[in-house]
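Bear in mind these aren't lab numbers, they're just calculated from the coordinates by the rules spelled out. The model shown is predicted, which means the values in this text are computed figures rather than measured ones. Don't worry about glycine lacking a Cβ; one is built from the backbone with ideal geometry, like all the others, and counts go over all protein chains shown.
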Amino acid sequence: MDQTTAGILALYGILGVTVLALWLRHRSVLSQRDRMMNRMGDLQTNLSDTTQRLDLLSRGVDTILGETPEVRNLLGVHRKLESAENLLFDQGIAVSSSESCAIASHAAKAIIEKHSTEPDENTAILPGLLPLVVRLDAILTEAEMRAEDLELNGGEHRILGELFHASARTSRAADCYRMANQMDPEDSASLRSLARIQRESGELETLDRTLERLLATSPDDLEALAEQAAILVGSDDERYDRNKTRLIALGEPLEETETSTKLSEIALRAKDSRISGDPSTLDSNDSPLLVERAAKLIGLGEAGAALEAITKAIEMDEDNGPAWLLHARILAAGEGNSKEAIRSIRRATALGEYGVIMESEILENEGRLDAARAVLEEHIETIPEDAEARARLSLVLMKAGSIDWAKETLNEAPPICWESSHMHVMEGRLHLHDTEQYRDEYGNHDPILLIDALISFDAAIDHDRENGLAWLGRSRALRFQGSHNEAEVALVRARRLIPNHTSIPLEEAHLCIEMGKLDQANTHIAEAATHLHEHPIVPFVRGLIAAKQGRMTEAQTLFTKVLAIDPDHVRARLNRCSASLLKGDLDMALDDSDHLISISPALLIARQRRAEVLMNLADWTEAEAELRRILDRRDEHVMALVHLGTCLIAMDKAEQAERPLNSALRIDSTNSDAWYQRGLLYLDFGRGQEALSDFESASRNDPKHIDARLMIAAIFHERGDTKNASNAWRKVLDIDPQHKLARRRLEECNGRTVASAKILGPED
């Protein structure tokens, strides 16, 4: 075989092998295709099953979200938290601190918004929200952020704190509560929540500080007061006593725990073991303990034993200032020992004790106002910033009648003095004095002065809520204002704080009189009488009660008793004048009004009473002259205008009477007497319907105005309007069941009604 043939054969061999290989490859590809097709079929089947399942799941989720839209809303919070995580941690780009705060704040606000979507259910937390709160805590921890780093307001911090607290993230919650209070110091809710966390964790020191801040915002919080008192037992007597006093004032006396009671008993036994009942058994080193013993004996009412103990203490140590001061107090409580008491005070003062107030009180009680003033002035020259002494001096000056001087004493005080409640109490007292003067002149209290007084007393209470005199003054101002219920609340508080103050039962009596509780007023003035004895205020208040009860003769006698002690007692003379006028004792009434005008020409109420007496004496000319004197000083004096109209009608000057009556009604449309007098005027003019309208206005403003009721009934009766007349006569009898004319006229109306029934009856 030649080479060519061999070559061709070799080529065919190669081709054959190639074809075989291609065929085998083709068969392999076909086999792989078949396998892929089978697999694709399986995947298609699985995908179809999965699609069906996802469709079912989707419909289920849609159903759940449709029924609970709040859960759907939480998906948005989830996305915002995820976004915050990505921005803060998952990207390579550095984020500034301000940007980090903004990102975290945005996430926190998303959670807060979902919690505050249910404002009516403050304690309700949306299902699924707490896990997101935990996630936010993790974000803040990773980013090393505190509450102060979040751009939130105080309310938002408080809400976030509540959510952290609910998710057991107490440290984070406490941080938010602190920030909330820092941004809004008036928000007591955040402090209460913070206190709860500190209480649960046993952090008593921080709890004490939180409760103190809470009491600065809500000083009458009973729970906070009681809880802090329990913490302070044996550690801070001053604040413990403050809380105890405040709780007593609020009507919630502190219930001492078994532990605190035992500690007190142990302390007392320890002292008593060193201080026997016989002071002579003590050595020279026990003088301070004798002072404690004497103070205890005073509290028990054993003045004699207390004096013996304190005398022994002074004998042991003549330089014991507290002993000399207590010695003075014991002596001052007795009778006839004022000189010795003052000597003891001055010895105590020389030893560094504060006795100027006590000395001034002793002198004042003896009626030596000039001496009391001198003592206080000397002290203030040395220590001008002593607020208590300055306020006391102002009080002494006010009692002496030097009102301008009393005001000047306060006005000259250094600014530091106004940090004391004593100054504000005295300022309030001066405002009350001014409003009483205004009342005496114009017949009513000046509302602006009353507001000023309340502002002063409230300022005093803000500085010291345990100042009983501030609560007493506030009660009085509220009584003058006509706010009797509020006055009663303040007065209860005052009694609890200063139960033995003589002004308490007096103010209670005055308040009861104005509230119509006359039996209670009698009880209170009887209590006051046990302390005040011959003081003119007792018969004065009893006179007011008698006058209110219609016992004018007794009232007249009681006011006379006051005037026997103090002839220039304005209110007593004015009230005796009124009682005498009502009683018909016109001579005494005229004498009293003349006396009042002589000592106080500007006292318009006295001139009004004089005019009323003259009207009762039918001296119309002089009455008119007196009324015009009042109107010259105060042209809008309502009662003077009303009485002037009455005088002019009586003097046959009816055409001149309408003008003052119209003026009176323009000033005070509720004045029943003005309506009544104008009704009489219109009746005289023959304007019957207008008269009837005025009489009805009079009775509407004063349902017990019997004269107006009588005129209404008479008008209807004269018209023959039996139905309205009958109703009107009955209203007269409601006021006075024994009114003979009304009863007779009502019987006439009933007779007319019966006669009409017979005429119109079915038998006809």
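Projected label points at E388 and E223, each 7 Å from Cα along the beta carbon direction, are separated by 3.6 nanometres.
Where Lys and Arg each count +1 and Asp and Glu each count -1, what net charge lies around G543 among other residues with Cβ under 9 Å from its Cβ? Net charge in that neighbourhood comes out at +2. Partner lysines whose Cα lies under 28 Å from the Cα of K407, excluding those fewer than 8 positions away in the same chain, are identified as K399.
Here's the list of lysines a cross-link from K296 could span, going by alpha-carbon distance under 25 Å and ignoring same-chain residues fewer than 8 apart: K244, K262, K271, K312, K339. Our estimate of slack between E486 and Q656, defined as 0.36 nm per intervening residue step minus the Cα-Cα distance, is 56.7 nm. For the pair H533 and L631, the difference between a 0.36 nm per residue extended length and the Cα-Cα distance amounts to 31.1 nm. Extending 7 Å from the Cα toward the beta-carbon at both E186 and N724 defines two label points whose distance is 5.5 nm. Would you list which lysines come within 29 Å of K583, measuring only between C-alpha atoms, while excluding same-chain residues fewer than 8 positions from it? Leaving aside lysines fewer than 8 places away in the same chain, those within reach of K583 are K517, K548, K561, K704, K731, K740. Centre-to-centre separation between the Cα atoms of region 146-217 and those of region 526-596: 61 Å. On full extension, the segment bounded by E238 and T621 gains 130.9 nm, given 0.36 nm per residue less the C-alpha separation.
Modelled spin-label separation between S98 and E412, with each label point placed 7 Å from Cα along the Cα-to-Cβ direction: 5.8 nm.
Treating r as the C-beta distance of D734 and E252 and R0 as 51 Å, the FRET efficiency rounds to 0.65. The HN-Hα couplings worked out from phi for region 608-616 by the Karplus form 6.51 cos²θ - 1.76 cosθ + 1.60 (θ = phi - 60°) are 4, 4, 4, 4, 5, 5, 4, 5, 5 Hz, whole numbers, x standing for Gly and Pro. The magnitude of the dipole of region 332-456, with charges of +1 and -1 set on the Cβ of Lys/Arg and Asp/Glu and taken from the Cα centre, is near 400 debye. Between A295 and A166, the C-beta separation translates, for a Förster distance of 51 Å, into a calculated FRET efficiency of about 0.45.
Calculation over all alpha carbon pairs of region 521-664 in 5 angstrom steps from 0 returns a P(r) of 2, 11, 18, 18, 17, 13, 11, 6, 4, 2, 1, 0 percent.
Between the residues F559, P499, V489, the greatest Cα displacement towards the positive end of the dipole of region 464-577, with unit charges on the Cβ of Lys, Arg, Asp and Glu, is found for F559.
Based on the Cβ-Cβ distance of T670 and I451, what FRET efficiency does E = 1/(1 + (r/R0)^6) give at R0 = 25 Å, to the nearest 0.05? Step by step, r from the Cβ atoms, then E = 0.70. Karplus-derived 3J(HN,Hα) values for region 206-219, using 6.51 cos²θ - 1.76 cosθ + 1.60 with θ = phi - 60°, are 5, 4, 4, 5, 5, 5, 5, 5, 5, 5, 5, 8, 10, x Hz; glycine and proline are entered as x. Farthest towards the positive end of the charge dipole of region 69-253, among the residues L194, T245, L232, is the Cα of L194, using unit charges on the Cβ of Lys, Arg, Asp and Glu. Per residue, the average separation of C-alpha pairs within less than 8 Å and at least 6 apart gives region 69-253 a relative contact order of 13 percent.
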